[in-house]
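Remarks on the structure that follows.
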Amino acid sequence: MLQKKVFEAGIYRVIIVWSDRSQPAAREKHFKVSGYSLEDFAAVITHEAGQLEDTINAILAASVNTTISAVMCGSEFGVLLEDQIADALNAKLGTTNLKSSGIPALTTKVDKHLQANTIRKAGLEAVREKLARSEDDVRQFLEENRGKATSFVVKPQTGAGSVGVTFCDSEEAVWEAYHTILAGEHKAHCGDKYRHYTHAGVLLQEYLVGTEYIVNTVVRDGVPKTTAMWKYDKRPLNGAAFVCFSKELQVISDENCEEILEYTEKVLEAVGFKNGAIHGEIMYTSRGPVLVELNCRLHGGNAAWVHPAELCMKCDQLSILMDVYLNDGKMFSTIPARPVTAYSYCQQVKMRSLIEGTLDCVIPSQLERIKALPSYLEHFFSVKPGDRLLKTRDMPSVPGEVTLVHKDKDVLAADYEKLNEILREGLFQVVA
């Protein structure tokens, strides 16, 4: 979506730099689904690990007699490379015009353990955890918590999409999750998508009891502005403890939101995030807000949040990011620092499958029931007939999304329950 918006501006040429963390299949898919061909770009460059100078030279060769306006991350794959390219170009060109996040320790952008340690040192509430690099570390963690806690979360040190995040209600479950993640088995259903995530260890954490929120922020020269915040509805499904059913748009007057936003702003200051888009995942607990993780990029989800954010908030994270990087923040200076008013209410609902197999079709009558809901706005599918349909356990196994928007909050709530009922009955049919 970022690329599409830049093209639509009509005044920029676009250079794609594929990160070494991206995979060939994802690169090929990009041209199939984006609507743009190789010829539409000023250049398409593949970055190789450890070869930053070659990448910079290729970018400069492709931009002779033009001004490089910005370096922006298009997906999770580019989170680290974005800063490396911007900083290297500034050094090569003798300028400071190209913005980068400014985070002193770059790997903090993707390492949940470093994120928690950084904010803990700054005096902020942080998750209680241990990075297990060996079986001895696991034993120590379990011994320290014996008699104090009965539930834990075991997760990859780096990652996305809830892949591998495992709820454990016994010591045996902790051991099983530890070995599964260490062996990389937790991402087997994702194909090559998350192959670039490697771990020095596995995170063993307390189980945070509370409600989880997403805070979408754009930062300009150290000044943060929250463009939207969402409340997760996560429930057990298909043997997974934290399956995302939906996210509901919030404003500052909603319960706990002002406290969460104040905490988030302190988190961003603590990690040193100076420029760019970021979305934080925050759990509101009995101790107040606690950081789950920072994702130092635009909110994901195929950018399905852009349209409803425009409708409900009159601005969105993507447009504000582009304004900051390409228009000197003219719009940024006019928007409130926190979301005060919603012009409509929104639920973005994840489609869910209780079955798996080769997808035959979407059941037409069920889809028509969804589209007849008064608050229905739009939907998309991430699978098509012939694809492998998985039981929904995490974000990569979500088969699509439905967006509901309405000016009446009660209508929206009723439609959300009806939609959940339709999804429980089943939306998909697999080949017998």
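The values are calculated or read from the model by the stated rules, or taken from the named source; none is laboratory data. This structure is a prediction, so every number in the text was calculated from the model and none was measured. When we count neighbours, we look across all protein chains shown, and the Cβ atoms used for this are built from the backbone with ideal geometry, even at glycine. These area figures cover heavy atoms from the full protein model, side chains too; ligands, DNA and RNA do not enter into them. Shrake-Rupley method; radii C 1.70, N 1.55, O 1.52, S 1.80 Å.
Out of everything in the range 104-128 that is surrounded by 20 or more Cβ atoms within 10 Å (Cβ to Cβ) and either among the β-branched types (Val, Ile, Thr) or touching a His at 6+ places or on another chain (Cβ under 9 Å) (or both), what residue ends up being farthest from Gly276 (Cα to Cα)?
Only one residue fits best here, namely Val127.
With open to solvent by 10 Å² or more (accessible area, probe 1.4 Å), under 30 Å from Thr392 (Cβ atoms) and under 17 Å from the mean Cα position of the chain (by Cα) as the only criterion, which of Ala241, Ala303, Ala228 stands out?
Details: Ala241 fails: under 17 Å from the mean Cα position of the chain (by Cα); Ala228 fails: open to solvent by 10 Å² or more (accessible area, probe 1.4 Å).
Selected residue: Ala303, the only one of Ala241, Ala303, Ala228 that is open to solvent by 10 Å² or more (accessible area, probe 1.4 Å), under 30 Å from Thr392 (Cβ atoms) and under 17 Å from the mean Cα position of the chain (by Cα).
Given the residues Gln84, Gln140, which is the only one that is out of contact with any Pro (no Cβ under 7 Å at 6 or more places or on another chain), closer than 25 Å to Tyr178 by Cβ and in a helix (DSSP H, G or I)?
Details: Gln84 fails: closer than 25 Å to Tyr178 by Cβ.
Every option except Gln140 fails the conditions.
Under the condition of being under 22 Å from the mean Cα position of the chain (by Cα) and of a type in the set (S, T, N, Q), which residue from the range 127-158 is modelled with the highest pLDDT?
Gln157
If you take the residues of the range 250-267 that are open to solvent by less than 10 Å² (accessible area, probe 1.4 Å) and not polar (S, T, N, Q), which of them is farthest from Cys346 (Cα to Cα)?
Val267
From the residues in the range 347-366 that are among the hydroxyl-bearing types (Ser, Thr, Tyr) and over 12 Å from Lys384 (Cα atoms), which one is least open to solvent (accessible area, probe 1.4 Å)?
Only one residue fits best here, namely Ser353.
Mind checking whether some residue in the range 268-279 is more than 13 Å from Val219 (Cβ to Cβ), surrounded by fewer than 20 Cβ atoms within 10 Å (Cβ to Cβ) and of a type in the set (D, E, K, R)?
No; the residues of the range 268-279 include none that is more than 13 Å from Val219 (Cβ to Cβ), surrounded by fewer than 20 Cβ atoms within 10 Å (Cβ to Cβ) and of a type in the set (D, E, K, R).
Which one is surrounded by the fewest Cβ atoms within 10 Å (Cβ to Cβ) among residues in the range 4-28 that are of a type in the set (Ser, Thr, Tyr) and under 18 Å from Leu52 (Cα atoms)? Full working, then the answer.
Step one: filter the range 4-28 for residues of a type in the set (Ser, Thr, Tyr), giving 12, 19, 22.
Next, from what is left, pick out any that are under 18 Å from Leu52 (Cα atoms): 19, 22.
Values: Ser19: 25, Ser22: 23.
Filtering first and then ranking leaves Ser22.
Restricting the range 390-410 to residues that are open to solvent by 40 Å² or more (accessible area, probe 1.4 Å) and out of contact with any Pro (no Cβ under 9 Å at 6 or more places or on another chain), which is nearest to Phe167 (Cα to Cα)?
Arg393
Can you pull out every residue in the range 30-81 that is of a type in the set (Asp, Glu), open to solvent by 70 Å² or more (accessible area, probe 1.4 Å) and outside any loop (DSSP other than H, G, I, E, B)? Please lay out each step first, then the result.
First, pick out the residues of the range 30-81 that are of a type in the set (Asp, Glu): 39-40, 48, 53-54, 76.
This time we only want the ones that are open to solvent by 70 Å² or more (accessible area, probe 1.4 Å), so: 39, 48, 53-54.
Those that are of a type in the set (Asp, Glu), open to solvent by 70 Å² or more (accessible area, probe 1.4 Å) and outside any loop (DSSP other than H, G, I, E, B): Glu39, Glu53, Asp54.
Can you pull out the residues in the range 104-126 that are part of a loop (DSSP other than H, G, I, E, B) and either acidic (Asp, Glu) or modelled with pLDDT of 95 or more (or both)?
Of the residues in the range 104-126, the ones part of a loop (DSSP other than H, G, I, E, B) are 104-105, 110-111, 122-126.
Within the range 104-126, Asp111, Ala122, Gly123, Leu124, Glu125, Ala126 qualify.
Just need a number here: residues in the range 95-130 that are under 19 Å from Thr285 (Cβ atoms) and of a type in the set (Asp, Glu).
Total meeting the criteria: 2.
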